[in-house]
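First the structure, in the form of structure tokens, and then the observations on it.
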Amino acid sequence: MNRYEPELPLQRYEVLRSQDVDQTHAHISKVFCDHRFRVPGRSPRVNARQHAVRLRDTVHTYTAYGAEAIVDVTELTFYVVKIPLRGSLVVDSQSRRFLASPRLGSVADCGNSVSMWLGAGCEQLIWRIEPTLVIRQLAHMINAEVEHRVLFDPNLPVTGMRRRDWMALFKSLVTDLSRDPSLATDPLLIDPVERLLVQELLLAQPHSYTMFLLDEFASPAPSRVVDAATELMHHQPQRYPTVTDVARELGVGLPALDKGFHRHLDTTVAAVLEAKRLRHVRKVLLAACPSDSVAVTRLLRKQSVVAISTFTNRYLRQYGETPLQTTYRH
């Protein structure tokens, strides 16, 4: 790579660089699934590049064909979230056609067909999710069985606080994967990363079970449960990578717990967990005094900080310095 060329997402995980249409088609089929792949023109060529890393139930990729391309999938066996970074593509999914761009991503459902016409300059982050992970995480969130297929709205706009926060979290974790290869190999890290991303997607993006995740349809958790949750997060925030973990510990659904926090404390479970984790991490940093950024990252991981970049930004806003700067100054 030219030293002046900016690094691409997930570049350390490069798995494809090809100008051959057939080779590109065969490789992309292995990463995702069988599909029809066409490049318009009499002498079709591509300038394809893919970086891909598999965790457990998800695959994160950076994918660019470097040419106009048409992709048709008859039936997906997984969910796929596509976030264009540059350029655009026409998506035909669930009888809806729309132009996806850096301001409008897409979600395609397991069991559905999808067709895409990609512009030559289209570069995307593509996230493949196994349906078992979506169903399992949703069941934990609502504290009930998921009896029917989860169907998402195919449009994923970068609007609204929830969606913007999810997009920032997603890109933050892509950055973390790019910087820290241990995140892709350590099972103790992979599990909370995948669960957090799916949890926040289910909260941000409308789907067929959204009603079950809304506060107004839940009975509020009683004050004793709210008090118990607060105690858990105060004494051991490192045990709970996500708010769903707190709710599961107490045997309640996340909407009920959130509604209980709104009623009794005028706040949310997420806000309390974040505040407790920030204070706990600062206390640990001051006691341990790690010597460099690698040591700080390891310490944060042990405290169940899943998205390092996102957490660092929040820590900076709270304390006016980064976790590493805390270790230098104290």
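The values are calculated or read from the model by the stated rules, or taken from the named source; none is laboratory data. The structure presented is a predicted model; accordingly, all values stated were derived computationally and were not measured. Glycine gets a Cβ as well: all are built from the backbone with ideal geometry, and neighbour counts include every protein chain shown. Remember, those area values only see protein heavy atoms, side chains included, never the ligands or the DNA or RNA. Shrake-Rupley method; radii C 1.70, N 1.55, O 1.52, S 1.80 Å.
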Cβ-based charge dipole, segment 183-330, positive-most Cα from Leu232, Phe261, Thr326: Thr326
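Leaving out ligands and nucleic acids, note down the accessible area per residue over the chain with a 1.4 angstrom probe, in whole Å².
Details: 15930 Å² over 330 residues.
I get 48 Å² per residue for the chain.
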Calculated FRET value between Ser293 and Glu14, using beta carbons and R₀ = 22 Å, to 0.05: 0.35
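Compute the FRET efficiency between His35 and Asn155 as 1/(1 + (r/R0)^6), taking r as their Cβ-Cβ distance and R0 = 22 Å, and round to the nearest 0.05. Don't jump to the answer; show the numbers that get you there.
Details: r = 22 Å, r/R0 = 0.98.
E between His35 and Asn155, to the nearest 0.05, is 0.55.
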Mean residue ellipticity (222 nm) of the chain, computed from DSSP H runs ≥ 4 via -39,500 (n - 2.57), nearest 500: -13500 deg cm²/dmol
Percent RCO, i.e. relative contact order, over segment 1-123, from Cα pairs under 8 Å lying at least 6 residues apart: 24
Nearest 10 degrees, 0 to 90: helix 21-31 Cα axis against the chain principal axis: 30
Residue of Gly119, Gly111, Gly320 that the Gaussian network model of the chain assigns the largest fluctuation, springs spanning Cα pairs under 10 Å: Gly320
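What does the charge count near Val107 come to, summing +1 for each Lys or Arg and -1 for each Asp or Glu among other residues with Cβ under 12 Å from its Cβ? Numbers along the way, then the final one.
On the way: positive: Lys82, Arg96, Arg128, Arg163; negative: Asp109, Asp153.
For residues surrounding Val107, the net value is +2.
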GNM flexibility winner over the chain from Ala204, Ala108, Ala287 (Cα, springs under 10 Å): Ala287
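Among the listed pairs Lys276/Lys302; Lys82/Lys259; Lys171/Lys302, which are separated by more than 25 Å between their Cα atoms?
On the way: Lys276/Lys302 15 Å; Lys82/Lys259 32 Å; Lys171/Lys302 22 Å.
Cα-Cα > 25 Å for Lys82/Lys259; rest within.
Per the 1.4 Å probe, what fraction of the accessible area of segment 90-192, in percent, lies on carbon and sulfur atoms?
On the way: 2530 of 4610 Å².
Within segment 90-192, the accessible surface is 55 percent carbon and sulfur.
If contacts are Cα pairs under 8 angstrom and at least 6 residues apart, what is the relative contact order of the chain in percent?
Values: 578 pairs, mean separation 43.8, N = 330.
Contact order relative to length: 13 percent.
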Whole-percent carbon and sulfur share, accessible surface of segment 254-330, 1.4 Å: 50
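Below 8 Å between Cα atoms, with a sequence gap of 6+, how large is the relative contact order for segment 125-223 in percent?
Details: 57 pairs, mean separation 35.9, N = 99.
Normalised by residue count, the contact order of segment 125-223 is 36 percent.
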Thr185 accessible area, 1.4 Å probe, all protein chains in place, Å² to nearest 10: 100
Gained length - Arg179 relative to Ile70, 0.36 nm times residue gap less alpha-carbon distance: 36.0 nm
Acute angle (nearest 10 degrees) that the helix 187-204 long axis makes with the longest principal axis of the chain, alpha-carbon atoms: 80
Residues listed by number, segment 41-79, amide nitrogen under 12 Å from Leu85 label point at 7 Å toward C-beta: 49-52, 61-65
Residue-level accessible surface for Ser208, protein heavy atoms, 1.4 Å, Å²: 60
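Using 0.36 nm per residue, how much length does the chain from Arg239 to Arg317 gain when fully extended, once their Cα-Cα distance is taken away?
Full extension of this stretch gives 25.7 nm more.
Considering only protein heavy atoms, with the full assembly of protein chains and a 1.4 angstrom probe, order Leu232, Leu16 by accessible area, largest first.
On the way: Leu232 40, Leu16 10 Å².
In descending accessible area the options line up as Leu232, Leu16.
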Nearest 10 degrees, 0 to 90: helix 131-142 Cα axis against the chain principal axis: 30
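Quick one: putting +1 on the C-beta of Lys and Arg, -1 on the C-beta of Asp and Glu, what dipole do you get for segment 112-236 around its Cα centre, in Debye to the nearest 20?
Numbers: 10 positive and 16 negative charges, 60 e Å.
So the dipole magnitude of segment 112-236 works out to roughly 280 debye.
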[x] 5, 20, 27, 24, 16, 6, 1, 0; [y] 5, 24, 31, 23, 12, 4, 0, 0; [z] 6, 27, 36, 25, 6, 0, with the label sought being that of the calculated P(r) over Cα pairs in 10 Å bins from 0, in percent: [y]
